[in-house]
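Here the structure comes first, spelled out in structure tokens, and everything after it is commentary.
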Amino acid sequence: MKVVDEHVEVTETEASSGVKGHNVRYVLAVSLIAAIVVLSAVWIIPALIR
């Protein structure tokens, strides 16, 4: 970060502050739902067969 004249200049990396890849929340949500479905099937299917 540099002060030039009366304003501050920052690099692209400093400006973004590492906020990238918002798709992570969607991957986590889909993974959670898939895990719930698979574990439910593993529990429900044997119970129905008995």
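The values are calculated or read from the model by the stated rules, or taken from the named source; none is laboratory data. Since the model is a prediction, treat every value here as computed from it, not as a measurement. As a convention, Cβ positions derive from the backbone with ideal geometry for all residues, glycine included, and neighbour counts pool all protein chains shown.
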Quiz item: Are any residues in the chain in contact with a strand residue (DSSP E or B) (Cβ under 7 Å, 6 or more places away or on another chain) and among the basic types (Lys, Arg), and if so, which ones?
Solution: Lys2
Quiz item: Looking only at the chain, which residues are of a type in the set (D, E, K, R), at pLDDT 85 or above and loosely packed, with under 10 Cβ neighbours inside 10 Å?
Solution: Arg25, Arg50
Exercise. Evaluate the range 20-42: report whether one residue or more is in contact with a helix residue (DSSP H, G or I) (Cβ under 7 Å, 6 or more places away or on another chain) and of a type outside the set (Val, Ile, Thr).
Key: no
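Hey, can you tell me all the residues within the chain that are in a loop (DSSP other than H, G, I, E, B) and among the hydroxyl-bearing types (Ser, Thr, Tyr)? Please lay out each step first, then the result.
Step one: filter the chain for residues in a loop (DSSP other than H, G, I, E, B), giving 1, 5-6, 10-11, 17-23, 50.
Scanning the chain gives Thr11, Ser17.
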